[in-house]
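Here is the structure we will look at, set down as structure tokens.
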Amino acid sequence: MVDHPRARKLADRIQQIVAQMLDTRIKDPRLGFVTVTDVRVTGDLQHASVFYTVLGDEEARTGTAQALESAKGLIRSEVGKQTGVRLTPTLEFHLDAVPETAAHLDAALLEAARRDREVSALATGAQYAGEADPYRRPADEDEADADEADADEADAAR
């Protein structure tokens, strides 16, 4: 789906119209608590994908999907009337997986935080296997001069 400015404006307008229609005009008892999350329109303005979420269980989702499918013609005709475009785009309704994905990500973040706490608890009582600083450093200037002299002798031997 292309994001042309005209397509984006039409998508925003379709989102408002569909949300208003679901709130006021569609009286199907199968229709659950629906939120229109996004609308994407193709670049040629011929097809619109309407993404929605439903509060409730799997039964509410299937009932809402059936209600939206049966009300698709009425919603499309209202979209055509209110937008005034030459060709009214076809509507496809898709259940948005954002809430499930967000719940999965929240669970993963909680698990990562729990593991971080475990690692930090283990690190508080940990000790170094050897010295705290395993790299050799000259203690004073005499040792640094001796190291330089040894390096000069090694170069001269080559």
Heavy atoms of Ser70: accessible area, 1.4 Å probe, square angstrom to 10: 80 Å²
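For segment 51-133, state which chymotrypsin sites (Phe, Trp or Tyr not before Pro) are in a DSSP loop and have at most 15 other beta carbons lying within 10 Å of their beta carbon. Walk me through the numbers before you get to the answer.
Numbers: sites: Phe51, Tyr52, Phe93, Tyr128; in loops: Tyr128.
When the chymotrypsin sites (Phe, Trp or Tyr not before Pro) of segment 51-133 are filtered for loop state and at most 15 Cβ neighbours within 10 Å, Tyr128 remain.
Give the carbon-plus-sulfur fraction of the accessible surface of segment 1-94 in %, rounded to a whole number; probe 1.4 Å, heavy atoms of protein chains only.
Details: 2730 of 5400 Å².
Heavy-atom surface of segment 1-94 belonging to carbon and sulfur, 1.4 Å probe: 50 percent.
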For segment 35-91, calculate the relative contact order in percent as a whole number, restricting contacts to Cα pairs under 8 Å that are 6 or more residues apart. 35 percent
Rounded to 10°, Cα long-axis angle of helix 5-24 versus longest principal axis of the chain: 60 degrees
From the Cα trace of the chain, what convex hull volume per residue do you get, rounded to a whole Å³? 283 Å³
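Can you list the trypsin sites (Lys or Arg not before Pro) in segment 23-125 that are in a DSSP coil and have 10 or fewer other beta carbons within 10 angstrom?
Values: sites: Arg25, Lys27, Arg30, Arg40, Arg61, Lys72, Arg76, Lys81, Arg86, Arg114, Arg115, Arg117; in loops: Arg25, Lys27, Arg30, Arg86.
Counting only loop positions with at most 10 other Cβ atoms within 10 Å, the trypsin sites (Lys or Arg not before Pro) in segment 23-125 are Lys27, Arg86.
Please give the length that would be gained between Asp44 and Ala97 if that part of the chain were fully extended, namely 0.36 nm times their separation in residues minus their C-alpha to C-alpha distance (nm, one decimal). Don't jump to the answer; show the numbers that get you there.
Numbers: separation 53, 0.36 × 53 = 19.08 nm, distance 2.62 nm.
Difference between extended and current length: 16.5 nm.
Roughly how many Å² is the accessible area per residue of the chain, as a whole number, for a 1.4 Å probe? Can you show the working numbers first?
Working: 11340 Å² over 158 residues.
Here the residues of the chain average 72 Å² of exposed surface.
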What is the local net charge at Arg76, summed over the other residues whose Cβ is closer than 14 Å to its Cβ (Lys, Arg +1; Asp, Glu -1)? +1
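With an 8 Å Cα cut-off and a minimum separation of 6 or more residues, compute the relative contact order for the chain in percent.
19 percent
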Calculate, for Glu69 and Leu110, the FRET efficiency according to 1/(1 + (r/R0)^6) with r their C-beta to C-beta distance and R0 30 Å; round to the nearest 0.05. 0.20
On C-alpha positions alone, give me the angle between the axis of helix 141-157 and the longest principal axis of the chain, in degrees, nearest 10. 80 degrees
Taking Arg137, Arg13 and ranking on accessible area (1.4 Å, protein atoms only), highest first, one gets Arg137, Arg13
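The values are calculated or read from the model by the stated rules, or taken from the named source; none is laboratory data. All of these numbers come straight from a predicted model, not from anything done at the bench. Every residue, glycine among them, receives a Cβ derived from its backbone with ideal geometry; neighbour counts consider all protein chains shown. To get the accessible areas, we keep the full protein, side chains included, count just its heavy atoms, and leave off ligands, DNA and RNA. Shrake-Rupley method; radii C 1.70, N 1.55, O 1.52, S 1.80 Å.
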